[in-house]
Amino acid sequence: MADDSANKKQPLLSGLADQNIGTVKKRRFRRCKTTPASDADFFGSYKGRELFPGSNSILRNFRPSFRQASLLLIIYLIVGCTCFYLVRDQIVGKKTNGILDALYFCIVTMTTVGYGDLVPESVPAKLLACAFVFSGMAFVALFLGKAADYLVEKQEVLLVKAVHLRRKVGTRQMMKEIEAKRVEYKFFTIVVALLVLVTLGTIILVKIEKLNIIDAFYCVCATITTLGYGDKSFSTTFGRVFAVFWILTSTICLAQFFLYLAEIQMEHRQQTLVKWVLTRRMTVVDLEAADLDDDGVVSAAEFVIYKLKEMGKINQEDVALVLEEFENLDVDQSGTISNSDLLLAQSVE
């Protein structure tokens, strides 16, 4: 027990940083007792305390929240609706209400659906449409996609609760399952949402736009894939009110569907590669490649690094950068990092 406790304190890179440490017959690398990995959430907090000061704000800045995306969407639609309303007389086609048509045209332009039921006729209207289609595409790619991904992740907990409705599942166990099957849960959630949207759009087109079931489904498919053939579209007042919300939501959901599908395939390929790396026998060539310090033997740290490189999780540049950071923190050049090293490093900065 004491031997195991001592080995737990052995740093992972000890084989690279300090070659003067005595040989250990059987090394066991466990999670460091001071590492709060199992109790830390994804936003840098541990048991209610913030692990890294300012990390929450940093993550929020790199990942726009749903509130920020909604605010930017509202601003975009207000500006677009105002501009297209001012040039409403220069837009020809099937019209219902001036403000509604301007908002509807803004959404159709933003999502690149382009039915053709409303078309800019004058030069200013055409230039305005060009400006809004590019800015709209950029907005969807940068903000709405991330906001949709954020909402899908929020539904993962509800999905796990529904799956384990008859079982008492603790928060930690639930989070472990979500993390282990994150991509699958996200994919399943977006599939359900997409089916609901397709069904709802088909029903509205049948009931409100008076299309038959085949034409309604055909229009739904042409819309969510942004083909927008134009022979079938929303032409009634209520239909366009519905389309304003439905077109934006359904097109983004379809984009997220293909994104998660690609993630599942990539994850499957990664798992296959990891399984192959861990099951294949190590050769003399592998031994030489894994011996980073050329001392003729491979330590546990060198073996872990070599296997991670084979799995594609890290590369040689990553290892070099980490070792450089280690050397910068190891002020006294002892091959280990202590509290005194950290204090010295901070004083130098």
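Quick test for you: out of 138, 148, 69, 102, pick the one residue that is at pLDDT 90 or above, of a type outside the set (D, E, K, R) and open to solvent by less than 50 Å² (accessible area, probe 1.4 Å).
102
I'd like to verify a number: residues in region 109-126 that are in contact with a helix residue (DSSP H, G or I) (Cβ under 7 Å, 6 or more places away or on another chain) and β-branched (Val, Ile, Thr), how many?
4
May I ask you to list pairs of residues, at least six apart or on different chains, whose Cβ atoms are under 8 Å apart, with the first in region 215-226 being more than 14 Å from residue 114 (Cβ to Cβ) and the second being hydroxyl-bearing (Ser, Thr, Tyr)?
216/202; 217/202; 220/202; 220/250
The values are calculated or read from the model by the stated rules, or taken from the named source; none is laboratory data. All of these numbers come straight from a predicted model, not from anything done at the bench. Cβ coordinates were reconstructed from backbone atoms using ideal geometry, including for glycine residues, and neighbour counts include every protein chain displayed. With ligands, DNA and RNA removed, areas are computed over all heavy atoms of the protein, side chains included. Shrake-Rupley method; radii C 1.70, N 1.55, O 1.52, S 1.80 Å.
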